[in-house]
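Down below is the structure, laid out as C-alpha cells.
The values are calculated or read from the model by the stated rules, or taken from the named source; none is laboratory data. In this text the structure is predicted, and so the values were computed from the model without any measurement. Positions of Cβ are generated from backbone atoms using ideal geometry, with glycine treated the same way; all protein chains shown enter the neighbour counts.
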C-alpha cells in the first residue's frame, strides 16, 4: 500500500508526485482532507522539535517558494 498526496479539482484527482513503482489499474481509497494546514505530526512520525528542525533545513528554499509565479500552486 502506498499513500500519495493529490488535489481533487473539476472531478479529477491530480497526484502531486508519481508512485514509487509502476502501477497498472488498481483500486484506490480517496480521503478528502478538511483542513490541509493542520498536520498531525505524531501521525507522520515526528515531534514539534523535529518539525522545527525540518522547517529550518527547508528554509533555503523559501525564496523560490515565495516567488509570485509559485502562487499558481496555492490552489492545488
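Matching residues to (1) surrounded by 10 or more Cβ atoms within 10 Å (Cβ to Cβ); (2) in contact (Cβ under 8 Å) with a residue 60 or more places away in the chain:
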residue: 8; (1), (2): yes, no
residue: 11; (1), (2): no, no
residue: 14; (1), (2): yes, yes
residue: 18; (1), (2): no, no
residue: 23; (1), (2): yes, no
residue: 29; (1), (2): no, no
residue: 34; (1), (2): no, no
residue: 46; (1), (2): yes, no
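How many residues does the range 1-15 contain that are closer than 20 Å to residue 72 by Cα and assigned to a loop (DSSP other than H, G, I, E, B)?
Within the range 1-15, residues that are closer than 20 Å to residue 72 by Cα and assigned to a loop (DSSP other than H, G, I, E, B) number 3.
Pull out all pairs, ordered by first then second residue, where Cβ-Cβ is under 8 Å, the residues are six or more apart or on different chains, the first lies in the range 51-76 and is more than 20 Å from residue 9 (Cα to Cα), and the second is part of a helix (DSSP H, G or I).
64/70
Hey, could you check the range 48-76 for residues that are loosely packed, with under 10 Cβ neighbours inside 10 Å and in a loop (DSSP other than H, G, I, E, B) and say which is farthest from the chain's Cα centre (by Cα)?
67
For residues that are over 15 Å from residue 3 (Cβ atoms) and either under 18 Å from the mean Cα position of the chain (by Cα) or not in a loop (DSSP other than H, G, I, E, B) (or both), scanning just the range 16-46, find the one that is modelled with the highest pLDDT.
Only one residue fits best here, namely 46.
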